[in-house]
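The values are calculated or read from the model by the stated rules, or taken from the named source; none is laboratory data. This structure is a prediction, so every number in the text was calculated from the model and none was measured. When we count neighbours, we look across all protein chains shown, and the Cβ atoms used for this are built from the backbone with ideal geometry, even at glycine. All accessible areas refer to the heavy atoms of the entire protein, side chains included, with ligands and DNA or RNA removed. Shrake-Rupley method; radii C 1.70, N 1.55, O 1.52, S 1.80 Å.
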Amino acid sequence: MKNVLTFRNIIVAIPLLTIILVLDYALPQVDVVRAVGVEIKRMDTEDSKTGQQRTRDVYFLQTETQDGKPRVYRNEDNFLYLKFNSADLQAKVQSFATDKQLIAVRRYGWRIAAFSMFPNAVKVWAVEPGYTHIPVFNTIVIVGLLGLAAFVFLRVRRRLKARAQERQEKEEREAREAEQAAERARQEARHKDADIESFLKSDDRKTD
């Protein structure tokens, strides 16, 4: 357990978990449910610029899962998802709700009851029983992100490996230069000793 909860693993896990949560929230997903009805709620919100409270109408789509559990979606326009037809979507679901039509709801976001958060519906269409949605877009996005992550990882790994090799070559070069300098110093010392010894011998011959 201690080997898993290392500082390095935690540093790697935090951004990885953040990316997973962002993708789970932002990538559109499809739910197969039955249309039950629609609702318009008047909600008080705070203006981010002025800080004042303002009232606005928010559309909600009421559905239930195939096993009878209620599921509610927010129905608001969103520029990032190119959704500008909330009123049309509201009328469409209201028409489907007449016969409790089985529908597919493309949505993003989470349902968090404690914060009154609802996933936002982006698109709705009628489906037949047994319908299975294939998430082509999400698959392309995830594969693309994995490919980008692998590309960045390999580039960084290659760069680190090259730097490590350069550092090792530099250390080896410095070690060779130090050894050569030491060898030169030893040779100079031997030459000096030889000169001193030669001088002493010549001085002894003169004394004799």
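Key figures for this structure:
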| read-out | value |
| --- | --- |
| Cβ-derived FRET efficiency at R0 30 Å, Thr18 paired with Lys123, nearest 0.05 | 0.65 |
| For the chain: rounded, prolate or oblate by the Cα gyration tensor [a/c cutoff 1.5] | prolate |
| Percent carbon-and-sulfur accessible area, the chain, ignoring ligands, DNA and RNA, probe 1.4 Å | 57 |
| Among Val93, Val105, Val12: highest mean-square fluctuation, GNM of the chain, C-alpha pairs under 10 Å | Val12 |
| Lys, Arg +1 and Asp, Glu -1 on Cβ, resulting dipole of the chain about Cα centre, debye, nearest 20 | 580 |
| Length gained when the stretch Ala87-Thr6 is fully extended (0.36 nm per residue, less Cα-Cα span) | 24.0 nm |
| Inter-site label distance for Arg184 and Phe151 at 7 Å from Cα along Cβ, in nm | 4.9 |
| Where labels lie 7 Å past Cα in the beta-carbon direction, separation of Ile112 and Tyr131 in nm | 3.0 |
| Per residue, in Å², the accessible surface of the stretch 109-200 once ligands and nucleic acids are set aside, probe 1.4 Å | 84 |
| Pairwise label distance in nanometres, Glu177 with Tyr25, each label 7 Å out on the Cα-Cβ vector | 5.3 |
| Residue (of Phe137, Gln168, Trp110) at the positive-pole extreme of the stretch 36-178, dipole from beta-carbon charges | Gln168 |
| Given the chain, longest segment not containing exposed loop chymotrypsin sites (Phe, Trp or Tyr not before Pro) (DSSP; at most 13 other Cβ within 10 Å) | 1-78 |
| Lysine pair number, Cα distance threshold 29 Å (strictly under), the chain, separation 8 or more or different chains | 21 |
